[in-house]
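Each remark here refers to the structure printed beneath this line.
The values are calculated or read from the model by the stated rules, or taken from the named source; none is laboratory data. Computed from a predicted structure; not experimentally measured. Here Cβ is always computed from backbone atoms with ideal geometry, including for glycine, and neighbour counts include all displayed protein chains.
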Amino acid sequence: MDESIGNKTIQLSLILKTLEELHDIVFLMEYEQGRFKYSYFSKGALDYASLSEECLGKYIDEVYPTYIAEHLNQMYIEALKKRKPITYKDKMNVESMNQLGKSVIAPIIEDDGVIKYLVCYTEKLSHDDYVFDTLTGLPSIKGLKEKIETKVKQFPDKKIAVCYLKINQFDQVVDLIGHGSIEDFIVEMTNRILRVLRNEESGLARIAGDEFLFYIVSENEICDVAALIQKQVQASYLVDEMELEVTTSIGISYKISQELPVEHLINQSYHAMFQAKQKGGQAITVFNFNEHTNEVMNKPIIERELRRAVTKKELTLYFQPVIDVHTKGIHFEALLRWFSPKLGTIPPDVFILVAEDRDFIQTIDEWVIDKASEFIYTSKDPSAKVAVNLSTKTLASDTLESMLETVIEKYQISPSQLELEITEHSLLRNEQAIIDKLFRLKKLGFSVAIDDFGVSNASLNYLRVLPVNKIKIDKVFIHNIEKLAKEYHIVHSIISLARKLGLTVTAEGVETKEQVEMLLQSNCDELQGYYFSKPVDEQSLDRVVEQIHDKMDQLTSIHK
């Protein structure tokens, strides 16, 4: 090995070791043909930056979605161009809203003037340490988050938007007017934003040097308000007798329901801001699940992040009430949600498909069953019941029965308190083996339900051979029940047949009062859908149950 190369390697190792003694998060990036590759990162980077060992040797654009990779690339390119260290504040590797980091990127200039490596180290900063931004007097991210949570509870039926604003090419602004004048510029910009927001039910926080977060509760078009803010911010500034104009990128996320936590709304607006930044100029982007999903699905990162989601406590159970129309009793279906700080909110149909395709859906199903059982145990209610969905691969697993017995023993609950939902599709392979297994599970005391009933050609045959307790009529039949006589007669016939076979019937996807009334007339046993409640987190269940009882009382009084 060339002695000079060996010496450089030793010097780099010493630099990295020294930095690690001072800072938890240290990266060594290799510059190669216009791209930046992870050549080294510290253990702290693994803990705080949501990286894994397999990211070593990969380029930034192989690790992150395009809009985030471009943001990180810009930081490293700036250090390359300036040929000196640069400092910036940002989320901890663009993933944590509650944890800021102060990062330094230092290019290593070799004897021949070439820059092949850049060292980055990050000092953790926390908004929890203070209540207000000392320069602007604005609340911290923590304070604004608490305000948004209050508004969501105060205005459950109103449109609430969370908006993330970033100044474009802020480093050039600093270079132009200097660090001495930048504070005056930020104060003036803050005042301009506040002058627009004072006409709205709103709040504003400063996140970092060039980033702001605000919320708006309004019946007006939020994009119009955001555009007005951009226009006011872009108007000329007079700084040290110099005229200055800036543009901004704004990302917007909407509170669609109580289902999405405020933290997720903030992160969605953050991801949307980066997508707006990609467009350049004065851009505004509203967070879109489909566009975001398409971006993320193109990266192998989704599999890696999903594998880590269980241990990192990113997976969450939401619960949708199922109402017994005869007793007014309520049990719940457990539905899985995933919010990845790195990737944003990923729809269940997307990440479940990935988990099934990569053969680790069974691990996720076992986690859901464990958490649902823990929920039943915590309720201390002997009549509590939760339905869980079993994937095809979990249903076919040789360990399913022993796993279920272990869980109910662990939480000391009755098998009858866990309802196992299977789809007709899951029965297509190894049909007889699955049927035999379902008989054993039913004998153990577990309740079995066929989900999405009616969409398979073999639906009636399954009623003949399967040991099920319940069928759940697919929502495709429910959606048009009040408009089309055909759907009504199909649903009515399914209910009549099921009653003769001694099966309970649940109608899924109930969204209107008219649907409820027609299902009551057909003697449907259970109702589930947005008319009563969307899936909610555990903390919201008491409030939702109370509202459902009020609705059922009103419906009962009408039908007496």
* To do: Considering only residues that are among the hydrophobic types (A, V, I, L, M, F, W, C), crowded, with 18+ Cβ neighbours inside 10 Å and modelled with pLDDT under 85, look in region 272-307 and name the one that is farthest from Lys153 (Cα to Cα).
  => Ile301
* To do: Inspect region 254-271 for any residue being under 23 Å from Ile548 (Cα atoms) and modelled with pLDDT of 80 or more and give the result as yes or no.
  => yes
* To do: Just name the residue that is nearest to Lys385 (Cα to Cα) out of those in region 504-517 that are out of contact with any helix residue (DSSP H, G or I) (no Cβ under 6 Å at 6 or more places or on another chain) and surrounded by fewer than 20 Cβ atoms within 10 Å (Cβ to Cβ).
  => Thr504
* Asked: Can you find even one residue in region 162-171 that is over 25 Å from Glu78 (Cβ atoms), assigned by TED's automatic domain parsing to the domain that holds Pro139 and modelled with pLDDT of 90 or more?
  -> yes
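Table: residues versus (1) within 30 Å of Val262 (Cα to Cα); (2) buried (at least 17 other Cβ atoms within 10 Å of the Cβ).
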{"residue": "Val476", "(1), (2)": "no, no"}
{"residue": "Ile481", "(1), (2)": "no, yes"}
{"residue": "Ala485", "(1), (2)": "no, no"}
{"residue": "Leu497", "(1), (2)": "no, no"}
{"residue": "Leu501", "(1), (2)": "no, no"}
{"residue": "Leu520", "(1), (2)": "no, no"}
{"residue": "Gln547", "(1), (2)": "yes, no"}
* To do: Looking at (1) under 25 Å from Asp542 (Cα atoms); (2) loosely packed, with under 14 Cβ neighbours inside 10 Å, find the lone condition where Ile408 falls short.
  => (2)
* Give just the number: which of (1) surrounded by 16 or more Cβ atoms within 10 Å (Cβ to Cβ); (2) touching a residue at least 40 places away in the same chain (Cβ under 8 Å) does Glu201 not satisfy? => (1)
* Failed item in (1) farther than 19 Å from Asp398 by Cα; (2) at pLDDT below 75; (3) in a helix (DSSP H, G or I), with Asn457 passing the rest -> (3)
* Just wondering, is there one or more residues in region 187-197 that are part of a helix (DSSP H, G or I), β-branched (Val, Ile, Thr), surrounded by fewer than 16 Cβ atoms within 10 Å (Cβ to Cβ) and touching a residue at least 12 places away in the same chain (Cβ under 8 Å)? -> yes
* Structure fact -> Counting only residues in region 435-454 that are among the aromatic types (Phe, Trp, Tyr) and within 17 Å of Met403 (Cα to Cα), the one modelled with the lowest pLDDT is identified as Phe439
* Looking at this structure, is Ile548 closer than 17 Å to Asp452 by Cα and either assigned to a strand (DSSP E or B) or in contact with a strand residue (DSSP E or B) (Cβ under 9 Å, 6 or more places away or on another chain) (or both)? -> no
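This table checks each residue for (1) in a helix (DSSP H, G or I); (2) surrounded by 15 or more Cβ atoms within 10 Å (Cβ to Cβ); (3) among the small types (Gly, Ala, Ser).
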{"position": "Leu213", "(1), (2), (3)": "no, yes, no"}
{"position": "Ile216", "(1), (2), (3)": "no, yes, no"}
{"position": "Asn220", "(1), (2), (3)": "no, no, no"}
{"position": "Glu243", "(1), (2), (3)": "no, no, no"}
{"position": "Gly251", "(1), (2), (3)": "no, yes, yes"}
* Residues Asp542, Asp553: which one is at pLDDT below 85 and under 30 Å from Lys255 (Cα atoms)? -> Asp553
* Asked: With respect to Ile478, is the statement that it is more than 29 Å from the chain's Cα centre (by Cα), of a type in the set (A, V, I, L, M) and either on the phi < 0 side of the Ramachandran plot or at pLDDT 90 or above (or both) true?
  -> no
* Residue match in region 344-357 (condition: within 27 Å of Ser416 (Cα to Cα), at pLDDT below 95 and surrounded by 19 or more Cβ atoms within 10 Å (Cβ to Cβ)) -> yes
* To do: Would you check if Ser340 is modelled with pLDDT under 95 and not β-branched (Val, Ile, Thr)?
  => yes
* Within region 474-528, which residues are in a loop (DSSP other than H, G, I, E, B) and in contact with a His (Cβ under 8 Å, 6 or more places away or on another chain)? -> Gly509, Glu511, Ser522, Asp525
* Structure fact -> Per the filter on region 143-181, residues in a helix (DSSP H, G or I), free of Cβ contacts under 8 Å to residues at least 40 places away in the same chain, out of contact with any strand residue (DSSP E or B) (no Cβ under 9 Å at 6 or more places or on another chain) and not small (Gly, Ala, Ser) are Thr150, Lys153, Gln172, Val174, Asp175, His179
* Structure fact -> Residue set Ser397, Ser383; condition within 28 Å of Gln539 (Cβ to Cβ) and among the polar types (S, T, N, Q); output residue Ser383
